[in-house]
Amino acid sequence: MAAPIVVLIYLLIAGVTPQKAAFYAILITIVIGVIPKDMRLNFKKLLEVLETGAKDALVVIGLVFP
């Protein structure tokens, strides 16, 4: 699961906006998530992962913008 982090860092260094870099890193994460059979994401698991990510993002947003 290091690939999304590598992609994120590479895109940020290459001058891509942080929003686009994060979007592409999320896409890479989803693609990697459907490859291994034992960890394959179905629609329900994908929604759970997106919900958890959104909740975690709210915590970070709360810290950045008090």
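Throughout, read-outs are computed from the coordinates displayed, never taken from laboratory work. Note that the structure is a prediction, hence the values are computed from the model and not measured.
Rounded to the nearest whole Hz, the Karplus-based 3J(HN,Hα) values (6.51 cos²θ - 1.76 cosθ + 1.60, θ = phi - 60°) of segment 8-22 follow the sequence 4, 5, 4, 5, 5, 5, 6, x, 6, 4, x, 5, 5, 4, 5, with x at glycine and proline. Taking a ≥ b ≥ c as the square roots of the eigenvalues of the Cα gyration tensor, the chain is oblate, since a/c reaches 1.5 or more and a/b is not larger than b/c.
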